[in-house]
Amino acid sequence: MSERTPVIAANWKMNKTIAEAREFCEALLPAIRESDAEVVVCPPFLSLPATVEALAGSDVGVAAQNMYFEPDGAYTGEVSATMLLDAGASAVVLGHSERRQLFNETDEALARTVPVALASGLLPILCVGETGEERDRDETDRILRRQIDAGLSRVPAERLADVVVAYEPVWAIGTGKVATPEQAEDACGFVRALVASRDESAAERIRILYGGSVKPANAVELLGREEIDGALVGGAALDPGDFAAIVTAAG
Ligand code: PEP
């Protein structure tokens with residue numbers, strides 16, 4: 001693995017009550033004490049303050065699963081960067097494929113949201129990835145280019161390395177159908193080359209994660225790849241033992 005500090009993030013999606021979030025954190029902390037990875041837990045909004053409280057005093061960060069780019073106003077159901085910071089979040093997942101597919105989140109909205117998150121002091125975790133049909137049509141690079149160009153378009157070159165990108169092929173999310181280490185590494189390398197076309201030094205430093213059916217059994221092989229700087233984990237992140245095993249695989 002490279003000099004870049006790996007990021008292992010647990011995306012709980014719409015799972016876990018406040019009590020369950022606390023229980024998970026209590027089980028997780030002793031199990032990851034030896035790890036040097038940057039660990040992030042992404043609870044639903046309502047469990048965010050309890051998760052922050054349960055992880056207080058540890059190095060584990062807490063990320064929201066989404067935010068809106070406006071600072072305040074008449075946006076029913078939305079949450080701003082300031083609100084997330086106020087609740088103790090240090091990061092935010094943006095453009096998850098479930099948000100793009102089920103809630104019509106667009107590249108244009110993400111182009112506005114990523115720089116707002118960054119400027120507010122949140123670590124943006126920008127998700128990109130192609131569908132199975134797009135891969136079958138050999139369109140993976142074109143889709144990644146479109147999503148990266150848009151998502152990072154308003155991020156100044158000197159801040160590019162402060163974004164985390166998660167390459168998440170849609171066909172691998174929640175399906176048990178993991179990308180091969182070669183497929184994952186090729187796509188992460190392609191994303192890095194796109195960043196290099198803006199700024200070579202940022203490309204060296206930016207963390208590019210893989211996400212899609214990462215489990216303890218496949219984590220070592222994926223995380224051992226030079227271009228893969230960590231993992232965004234869904235299903236296997238609901239169990240503290242499984243998630244800890246993935247963290248441990250990152251070193
Ligand atoms: C995710 O939710 O981002 C994800 C990768 O899910 P899973 O690990 O379940 O495929």
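Bear in mind these aren't lab numbers, they're just calculated from the coordinates by the rules spelled out. On a predicted model such as this, the values are computed, not experimentally measured, just so you know. Neighbour counts are summed over all protein chains in view; Cβ atoms, including those assigned to glycine, are modelled from backbone coordinates with ideal geometry.
Numbers below:
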item	result
Compactness relative to 2.2 N^0.38 Å, alpha carbon Rg of the chain	0.93
Cα-derived Rg to Rh of segment 1-90, Kirkwood definition	1.01
Selection from 116, 167, 148, by position along the positive dipole direction of segment 75-170 (Cβ)	116
Low-density loop positions, GluC sites (Glu not before Pro), segment 1-72 - DSSP coil, at most 11 other Cβ in 10 Å	3, 34
Percent RCO, i.e. relative contact order, over segment 175-246, from Cα pairs under 8 Å lying at least 6 residues apart	32 percent
Amide H contacts of residue 207 (H built 1.01 Å from N, under 5 Å, at least 5 apart or other chain)	165
Helical segments meeting 18 Å axial Cα length and Kyte-Doolittle -1.0 threshold in the chain (DSSP H)	18-31, 107-120, 181-198
Positive-end extreme of charge dipole, the chain - chosen from 77, 15, 52 (charges on Cβ)	77
Student exercise, the chain dipole from Lys, Arg, Asp, Glu Cβ charges, in Debye to nearest 20	260 debye
Taking 248, 113, 76 and counting other C-beta atoms within 10 Å, the order from fewest to most	76, 248, 113
Nearest-20 debye value, segment 126-222 charge dipole, Cβ charges on Lys, Arg, Asp, Glu	300 debye
Exposure proxy ranking, count of Cβ atoms within 10 Å, fewest first, for 130, 226, 168	226, 130, 168
Per-residue Cβ neighbour rank within 10 angstrom, fewest leading, 16, 215, 177	177, 215, 16
GNM top mover of 112, 207, 137 - the chain, alpha-carbon springs below 10 Å	137
Mean separation of Cα contacts under 8 Å, 6 or more apart, over the residue count of the chain: relative contact order %	23 percent
Electrostatic dipole magnitude of segment 152-197 [Cβ: Lys, Arg +1; Asp, Glu -1; Cα centre; debye, to 20]	160 debye
